[in-house]
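Taking it in order: structure first as structure tokens, then the write-up.
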Amino acid sequence: MIIDVKATNKNTGEVISYKLEGEQHAAFTYEGTHMQEVADNKIREVNNILILRDSPIYTMRAGETKTVENMTFIIEVTAA
């Protein structure tokens, strides 16, 4: 499954867009690297939010879009 991620920083308005690949019962990767081991600090911060237990990435079906919000980011994820 491919997850399109669009994260908007609430403080700066900066938008980060990227794709995660993997399976819901296993792990997702960013460009072949596990979500929590990504070198880019901003992407890793967004991934750390998405890896939490109540994250929609574990229950989404193809075509669905969900929103996750925390103190810093509004994150829109779409399953493809």
Margin query: Can you tally the net charge around Thr65? Count Lys and Arg as +1, Asp and Glu as -1, for every other residue whose Cβ sits under 12 Å from the Cβ of Thr65.
Written below: 0
Notebook entry, point to check: Using θ = phi - 60° and the Karplus curve 6.51 cos²θ - 1.76 cosθ + 1.60, what whole-Hz ³J(HN,Hα) does each residue of the stretch 35-50 get, with Gly and Pro shown as x?
Noted result: 3, 8, 10, 5, 6, 6, 4, 5, 5, 4, 4, 5, 4, 4, 5, 6
Item checked: FRET efficiency estimate (nearest 0.05) - Cβ-Cβ, Met1 to Ile74, R0 22 angstrom -> 0.50
Note to self: Treating only the Cβ of Lys, Arg, Asp and Glu as charged (+1, +1, -1, -1), what charge dipole size does the chain show about its Cα centre? Round to the nearest 20 debye.
What the structure shows: 140
Item checked: 19 Å reach of a label modelled at Asn11, 7 Å along Cα-to-Cβ, counting backbone N of the stretch 27-70 -> 40-50, 69-70
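What longest region of the chain stays clear of GluC sites (Glu not before Pro) that DSSP places outside H, G, I, E and B and that have at most 15 other Cβ atoms within 10 Å?
32-63
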Margin query: From Cα pairs below 8 angstrom and at least 6 apart in sequence, can you work out the relative contact order of the chain, rounded to a whole percent?
Written below: 35
Notebook entry, point to check: So which trypsin sites (Lys or Arg not before Pro) in the stretch 26-66 pass both tests, a DSSP loop state and at most 16 other Cβ atoms within 10 Å of the Cβ?
Noted result: Arg53, Arg61
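Read-outs: derived from the displayed coordinates by stated rules, not from any lab. As the structure is a prediction and not an experimental result, all values here were calculated from the model. No Cβ is skipped: glycine too gets one built from the backbone with ideal geometry, and neighbour counts run over all protein chains shown.
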